[in-house]
Each structure stands twice: as structure tokens, then as C-alpha cells.
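First up is the structure itself, then whatever we jot down about it.
The values are calculated or read from the model by the stated rules, or taken from the named source; none is laboratory data. Fair warning: this is a prediction, and the values are worked out from it, not measured in the lab. Glycine gets a Cβ as well: all are built from the backbone with ideal geometry, and neighbour counts include every protein chain shown. Ligands, DNA and RNA are excluded from the accessible area calculation, which covers all protein heavy atoms including side chains. Shrake-Rupley method; radii C 1.70, N 1.55, O 1.52, S 1.80 Å.
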Amino acid sequence: MKATKWMSSVLMAGAILTFATAAQAHVNVYPKETTTGAYEKYTVRVPVEKDVNTTKVKLEFPANVKVSTVLPIPGWSYAFEKDKDGRNTALVWTATDGGIKAHEFTEFAFVGANPKEAGTLSWKAYQTYADGEVVEWTGAPDSKTPASVTTIKEGAGESGHEPGQAATTAPAAEQGAATATGSSNTLPIVLSGLALLLSIVSLFRKKA
């Protein structure tokens, strides 16, 4: 009986750990919250979920967001897609030096002019792997491949700012998470899960 309870606890802890890690592995756009009328610096975090490199990333802009400034990064080229009126509708980053390897992530950044109305922004992303597979991050929030969503709240706005003076409306913790290139946010979750498993094993041994 004790062994059965212990095994159930371990399986439950493992499931929680797996779910939390998977949730962090999606393509996400930060910040998750900003204000109306702001010139916001947006950061696109792209993790690799396969044992194959990611070689291209496409991000479609919501219709009410204007984007014209992008941050170049080594190893990647970029190009805007435009509609018939010349409006930038998407950004496509293409790897020039191998791309993003397994167990790694890369962050891309650009500046966008937020709409003047409160609401939500849905960022549709397309992640292309070296083997030709394209993962479409375009689904609903509860789907397996959700589009990243940013909430726009009423605010004083930053309409007087130039694109190089982006607003910093995200909470400090989220800002740090979005800009900490070279460190994965999944490590604390993994360590917490391991600590939980060790605690369960220790408790089982004491009762045995």
C-alpha cells in the first residue's frame, strides 16, 4: 500500500513537472501586458522542442500594431512582409549560421506602436525546423500550439517617443525574463520538480 501511494505521488509530481516545462517551451512574445499608445519593445522567445535546429521564424503582426524597427542579431537575417498598401504585416528571421540548436533558445526583438484602444494582441508565429517541419503557433490559448497573447491596458501612452525609446511597461520580473539571453527559464522549474521528487522519496523511506 505504501509503495502504491509513493508511486502515485511520484507520477503526479512528474506530470506536474512535465506540464510546467512544456508550457515554457512555446514561442512567446513579451511583454504580456502593456499600455495603449505606447512604443513598446517586444521580444520573441523561440525555444527548440526537437533534436533538429530551428532555421526560420515568422511572426505575424496584429492588424492594429505598427512595426518598422527591428533589432539585428548575429547569425540571422530578417525581412519584412508587406501588404498591398505597403504596411509591414510580418517579420521573417532566417538563420545564416546553423540556427537554434536543440535545448537552446534565441530571442528576437522589435519595436511596435501599440493601438490606442485597450484589448488583446494575438501574435501568430511559424517555427521552421531544418527537416522542413513548420510548427504553427496560431491556436487558442488552451491548444497545444497557442498563439502568444499580449494584453493592452488603458494608459498615458508613449506616443511622443521615438521607436528607439520604447516603453518599459512590463513588470520588472517579466522584463528580466524576456531579456536574459543565454539562460533558460525552465531550469528553476526542473530543479523545483527534482526537489519535490527527492522529498517524496525521503518521506517514503522514513515511513518504511
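Values as computed for the structure displayed
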read-out: Any hit, segment 23-44, residues being modelled with pLDDT under 95 and farther than 17 Å from residue 148 by Cα; value: no
read-out: Pairs, first farther than 12 Å from residue 134 by Cα and touching a residue at least 60 places away in the same chain (Cβ under 8 Å) in segment 46-63, second open to solvent by 40 Å² or more (accessible area, probe 1.4 Å) and polar (S, T, N, Q), C-beta under 8 Å, six or more apart; value: 47/24; 47/184; 62/122
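Residue-wise test of (1) buried (at least 18 other Cβ atoms within 10 Å of the Cβ); (2) not in a strand (DSSP E or B); (3) not acidic (Asp, Glu).
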site	(1), (2), (3)
26	yes, yes, yes
42	yes, no, yes
52	no, yes, yes
90	no, no, yes
